[in-house]
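Single-structure report; data block below.
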Amino acid sequence: MKVAVIGGGIIGLCSAYYLRRDGHDVTVIDRPGEADAGCSHGNGGIIVPSHFVPLASPGMVKVGLKMLLDKESPFGIERWTDLRLVGWMLRFLQSATAAHVKRAGPILRDLNLQSRALYEAMIQDLDVQVGYGQRGLLMICETQTALDEEAHLAADANKLGLTTEVLTAAELQKLEPNLTLRAAGAVHFKDDAHLSPGILMAALRKNLTQNGVNFLECEVSTIRERGSKIESVGNGQTQIQADQFVLATGARTQDLAATFRQPQVKIVAGRGYGFTVKNPPEQINLPAILTEARVAVTPMPDGIRFVGTMELARAVIKADSPRVTGMKKSISRYYPAFSADKLKGEIWCGLRPCSPTGLPYLSRGNGFENLVLATGHAMMGMSLGPVSGQYVADLIANRPVQHDLSTH
Ligand SMILES: Cc1cc2nc3c(=O)[nH]c(=O)nc-3n(C[C@H](O)[C@H](O)[C@H](O)COP(=O)(O)OP(=O)(O)OC[C@H]3O[C@@H](n4cnc5c(N)ncnc54)[C@H](O)[C@@H]3O)c2cc1C
């Protein structure tokens, strides 16, 4: 079949990868100038079986409310008055229940573990060093209270079959012998892995091009229909016809859901920032999350990457934010050698496609026979890229998928 994948981020490229392996004639349509930009290029690159608690959870509501009024805190809301955001927020609050957390846990675990296995095979196929390693993720806690909470989470993780270890400050130091640390301890989630998103994305795109996938620059804003099918998508001047269409447009799906008449798809951009310190004052071995500060730290081939902050916002990139200042202050608290003057690096901004339930939309679209939705991966889209691509290919081939992600 002729398949048009709209969106060239990690979800679009992974969809194209598995669709091409099924023998389809695949075209990836992306906004002009986005080939090496966008959320999938500068993120933390952590593959996260540890993230089995969805964004919509009672704990998140509590933490979020505490942080809302501080402009340097890791969490904020840009426009309370935006009606779309109000609708999203209501759905989020409705979902943030213990029952939802219990239902979502096994789904997120399965998706992340399957994706990690698929990454391992894909990386071998790409035959490129992408900085991949499975050394786990340290949740580093400044305070004993946070460590106790993380230890609770670790016990829940163990019940889901994940491997964790609660570490005292001295045990943590043994894992990071060359790093000055100020922390009460950490939990080591051992199933997590990491890679360099920029290298992976470039290698994947090259592989797809070599295997006959077409890339087209066009900002899709219109669709043409015939009966119960989409006939073509485009911008009025350029229209691209296909048998099947995949909507993998990340945070900008918030603008396209109406065009594709998918009102059930509610996406808000979760704006985040990051920077890579090329000459770190000390070496860091393992990816980590500085728990109270909500900053993720990843050793990459070109330096140490720090990412963080979540600003629920319109899908607009911003060059900087007071939240980056807050992020830097908090990093120096955990890693005193990384003082503000050492935390240099170009500021990168990315837009997480946040669904209100914390689960992605990976299903057939409503109302059209030939539309597949692949969006809403929030803070784990890099992690869930391959499994999402595989779901898209399975849905198009009418093969069964393990979890029904059509209703959240
Ligand atoms: C600070 C930060 C840190 C993160 N760290 C991690 C991490 O460690 N691990 C992890 O798993 N995830 C992480 N994420 C999340 C991850 O980056 C995202 O979930 C993921 O990149 C989303 O991929 P996507 O393909 O859905 O969207 P995108 O990468 O945004 O791709 C969507 C594409 O669709 C295109 N598009 C949009 N509208 C149109 C249109 N109308 N026509 C044509 N094309 C269109 C865009 O140009 C874009 O190229 C992080 C995100 C941020 C912001």
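Some points to look at:
- Cα centre as origin, Lys/Arg/Asp/Glu Cβ charges: region 1-123 dipole, Debye: 500
- The chain, relative contact order in percent, only Cα pairs under 8 angstrom and at least six apart counted: 27
- Sorted on the mean count of surrounding Cβ atoms within 10 Å across their residues, most packed first, peptides 112-122, 374-384 read 374-384, 112-122.
- Dipole magnitude of the chain about its Cα centre (Cβ charges: Lys, Arg +1; Asp, Glu -1), debye to nearest 20: 640
- Heavy atoms of the protein chains alone define the surface here; on that basis region 326-408 has 33 Å² accessible area per residue at 1.4 Å probe size.
- Between the beta carbons of Glu282 and Glu346, assuming R0 = 22 Å, the FRET efficiency works out to 0.55 to the nearest 0.05.
- If you run the Gaussian network model on the chain, springs between alpha carbon atoms under 10 Å, then out of Leu137, Leu286, Leu126 the most flexible one is Leu126.
- The distance between label points at Ser339 and Glu165 comes to 3.4 nm (points 7 Å beyond Cα on the Cα→Cβ vector).
- Surface analysis of region 157-261 yields an accessible area of 46 Å² per residue, using protein heavy atoms and a 1.4 Å probe.
- Each residue, Asp25 and Arg314, gets one label point 7 Å from its Cα in the Cβ direction; the gap between the two is 4.0 nm.
- Measuring nothing but protein heavy atoms, the accessible surface of region 2-396 at 1.4 Å probe radius is 53 percent carbon and sulfur.
- Only Cα pairs under 8 Å and 6+ residues apart enter the sum, and on that basis the relative contact order of region 156-198 stands at 44 percent.
- Residue-count net charge about Val48 - beta-carbon cut-off 12 Å; Lys, Arg +1, Asp, Glu -1: 0
- Relative contact order [Cα under 8 Å, 6+ residues apart], region 40-115, whole percent: 52
- Centre separation in Å (Cα based) which lies between region 27-104 and region 307-324: 12
- Estimated from helices alone, the mean residue ellipticity of the chain at 222 nm is -10000 deg cm²/dmol (sum of -39500 (n - 2.57) over DSSP H runs with n ≥ 4, per residue).
- Pairs beyond 19 Å (Cα-Cα), from Lys66/Lys159; Lys278/Lys328; Lys102/Lys266; Lys102/Lys159: Lys66/Lys159; Lys102/Lys266
- The chain: antiparallel DSSP beta bridges as a percent of all, rounded to 5: 70
- Distance between the modelled labels on Lys206 and Lys102, one decimal in nanometres: 4.9 nm (7 Å Cα→Cβ projection).
- Gaussian network model of the chain, springs between alpha carbon atoms under 10 Å - residue of Ala99, Ala16, Ala242 with greatest fluctuation: Ala99
The values are calculated or read from the model by the stated rules, or taken from the named source; none is laboratory data. Remember, it's a predicted structure, so these values are computed and weren't measured experimentally. Methodologically, a virtual Cβ is constructed for each residue, glycine included, from the backbone with ideal geometry; neighbour enumeration extends over all protein chains shown. Each accessible area value is taken on the protein alone, full model and side chains, heavy atoms only, with ligands, DNA and RNA left out. Shrake-Rupley method; radii C 1.70, N 1.55, O 1.52, S 1.80 Å.
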